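Since the structure comes first, as C-alpha cells, the remarks are kept for the end.
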Amino acid sequence: MAKALVIFLHGVGSNGDDLAVLGQHWASLLPDVAFASPNAPYPFEHAMGYQWFSLTGITAENRPARVREARAAFDETLQQLMVQHGMADAWDKLILVGFSQGSIMALDALASGRYPLAGVVAFSGRLSFDGTLTPKAHIPALLIHGKADSVIPYSESESATQRLQAAGVTVEARYEAATGHTISSQGAMQAATFIAQCLQD
C-alpha cells in the first residue's frame, strides 16, 4: 500500500485527465505515493469540462463566498478518494496539488484548517479567503506562479504567501519570469522534490 496520496485539482473548464499526466511523470520519483486526479464536481457552463465553483457573475468581492459554498462538494470528493485508496481519515498522508481554480480550493483547505495535510502545492493560484486564517500547524506549502500569467496575476501568489506566512505557515514561493498560465517542466520538478521532502518529515 502507498504511504501517501497526492490528489490533483484541475483548473476551471478542464478535467482530471489534464493533471493526471503529472502523476505519471512523478511515479518514478515518488515510488511509494499513489495519485488521484478527479473531475471537479460541477459541469462547466460554457464548454466541456468541469469546475469547482461557477465563474458566472463572479467578482473579487463574491469569490470567497463561492469558495465557501464549494467546500462541501470539494470535501466529499477528497473523502471518497481517501476511502478508495485505503486512507480514510489519514489526512496527514495527503498532499493537494492544484492548478488555477484547483489551487484556490487547495489553498482554501489549508487556510481554513479543515485537514492536517502533509502539504499543499499551488500552481497559478490565489487565496480567496476573507476571514481569519486558521491553518493547522506544520503544513508546508509551495506556491509556483508564472510572471507572464495573464489569467491570474502572480501578485495573487505573492499576497497568498504573505498572508499564509503571517498565519504561521511555512511557505516556499517560486516565480518564473517567462511562464504564463500553465505548469512548466521546471515547476513540475520542483513540486515533485517538495512532495518528497514533505513525506520525509
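Quick one: accessible surface of R163, probe radius 1.4 Å, all protein chains present, in square angstrom to the nearest 10.
Solvent-accessible area, nearest 10 Å²: 80 Å².
In sequence order, what are the phi-derived ³J(HN,Hα) couplings for segment 132-139 according to the Karplus relation 6.51 cos²θ - 1.76 cosθ + 1.60 with θ = phi - 60°, rounded to whole Hz, with x for glycine and proline?
For segment 132-139, the Karplus-derived couplings read 6, 6, 10, x, 5, 6, 6, 9 Hz, x marking Gly and Pro.
Once phi is turned into θ = phi - 60°, what whole-Hz ³J(HN,Hα) does the Karplus curve with 6.51, -1.76 and 1.60 give for every residue of segment 187-193, x standing for Gly and Pro?
My calculation for segment 187-193 gives x, 5, 5, 4, 5, 4, 5 Hz in order.
Over segment 59-201, with the other protein chains present, what is the accessible area per residue in square angstrom, probe 1.4 angstrom? Could you put the intermediate results ahead of the total?
On the way: 6110 Å² over 143 residues.
Roughly 43 Å² per residue, with all protein chains present.
Run the quick spin-label model on E45 and V21: label points 7 Å from Cα toward the beta carbon, then report their separation in nm to one decimal.
3.0
Can you compute the modelled spin-label distance between Q165 and D92, with each label point 7 Å from Cα toward Cβ, in nm?
For Q165 paired with D92, the spin-label model returns 2.7 nm.
Calculate one ³J(HN,Hα) per residue across segment 53-63 by plugging θ = phi - 60° into the Karplus curve 6.51 cos²θ - 1.76 cosθ + 1.60, and present them in order as whole Hz with x for glycine and proline.
Each residue of segment 53-63 in turn: 7, 6, 9, 5, x, 7, 9, 4, 6, 9, 4 Hz.
Give the share of C-alpha pairs in each 5 angstrom bin for segment 106-170, from 0 to the last occupied bin, in whole percents, shortest bins first.
With a bin width of 5 Å, the distribution comes to 4, 20, 32, 24, 13, 6, 1.
For N39, what residues show an amide H to amide H distance below 5 Å, using hydrogens built from the backbone and excluding near sequence neighbours?
G16
Of the DSSP beta bridges with both residues in the chain, give the percent that are antiparallel, rounding to the nearest 5.
If I count the DSSP bridges inside the chain, around 10 percent turn out antiparallel.
Using helices alone, what [θ] at 222 nm do you get for the chain, with -39,500 (n - 2.57) per DSSP H run of 4 or more residues, divided over all residues and rounded to the nearest 500?
On the way: 5 runs with 73 residues, N = 201.
After summing the helix terms and dividing by the residues of the chain, the value is -12000 deg cm²/dmol.
How large is the Kirkwood hydrodynamic radius of segment 58-104, in angstrom, based on all distinct alpha carbon pairs? Kindly include the intermediate steps, with their values, before the conclusion.
Numbers: mean 1/r = 0.0825 Å⁻¹.
For segment 58-104, the Kirkwood estimate is 12.1 Å.
Calculate what fraction, in whole %, of the accessible area of the chain sits on carbon and sulfur atoms when a 1.4 Å probe is rolled over the protein chains. Spell out each step's value before the answer.
Values: 4490 of 8960 Å².
In the chain, the share of accessible area belonging to carbon and sulfur is 50 percent.
If you work out semi-axes √(5λ) of the Cα gyration tensor in Å from the coordinates, which of (1) 35, 19, 13; (2) 22, 19, 18; (3) 39, 17, 14 do you get?
Recomputing semi-axes √(5λ) of the Cα gyration tensor in Å here picks out (2).
The values are calculated or read from the model by the stated rules, or taken from the named source; none is laboratory data. Remember, predicted model here, so these are calculated numbers, not experimental data. FYI the Cβ positions are ideal-geometry reconstructions off the backbone, even for glycines, and counts take in every protein chain you see. What goes into the accessible areas is simple: the full protein's heavy atoms, side chains included, and nothing from ligands, DNA or RNA. Shrake-Rupley method; radii C 1.70, N 1.55, O 1.52, S 1.80 Å.
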